[in-house]
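Undergrad: I have a structure here, written as structure tokens, and I will follow up with some questions on it.
Only the coordinates and a few stated rules stand behind these numbers; no lab work does. Keep in mind the model is a prediction, meaning the values are calculated, not measured. Using ideal geometry, Cβ is built from the backbone for each residue, glycine included, and neighbour counts are taken over all protein chains shown.
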Amino acid sequence: MTPRWLPLLLMSALSLRAQDASIGMKAQVFMPMGDLRNLTNGRPGLGAALFVELSVGEALLLRPSLGAQQVPALTSRGLAGTQAKVTSVDLMLDALWFPNEDMNNGPYLVGSLGCQEWRVSSPGATPASTDVPRLGAAGGIGYQFSPRLGMELKVFWSSIETNLTATGIGLGATWKF
């Protein structure tokens, strides 16, 4: 997804505000696991997203989101003498299920599926860069503290290359405007 689509996406999201939809944002910190942990030397990453929540029934919400994640450059274990920087731009669809049917307060389960544009770069003596779109998935639990504030704990997965899989655990906070 290119940056020129962002204003168009935001304008279309504003038109949904007149319908029974909520616009919000999410901020998260995540710990890479497996291949991604080895590549980034276990350094935590940060992420942010804009979303629109659409009520689909008494206990189900759909939440399309546009976000980005980044693990800052740090000397990599996997590539001695180089620094690896990992970023992604995500277009995801979350499904939230509230077992107590109260979407303003209480626990929920969340599942996510979408496209992630991964960029892995390592400057140095032999610079290398990978830029690929991949399918991404995540799942976890959340708690809605009020009609505006929620927290989520999710496990994510996406294959970047045949020998590099992005997995990890993220803790995020959501805020609806």
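Undergrad: Test of understanding: ordering LEU66, LEU109 by Cβ neighbours within 10 Å, fewest first, what list do you get?
TA: LEU109, LEU66
Undergrad: Further, regarding this structure: I need the peptides 29-40, 143-154 ranked by packing, meaning the mean over residues of other C-beta atoms within 10 angstrom, with the highest value on top.
TA: Peptide ranking by packing, descending: 29-40, 143-154.
Undergrad: List the lysines whose Cα sits under 26 Å from the Cα of LYS85, skipping any in the same chain fewer than 8 residues away.
TA: Straight-distance partners of LYS85: LYS26, LYS154.
Undergrad: Computed FRET efficiency, Cβ-Cβ of MET25 and ALA128, R0 22 Å: what is it to the nearest 0.05?
TA: 0.10
Undergrad: Can you tell me which of 56-65, 83-92 comes out highest on packing, and rank the rest after it, using the mean Cβ neighbours within 10 Å?
TA: 83-92, 56-65
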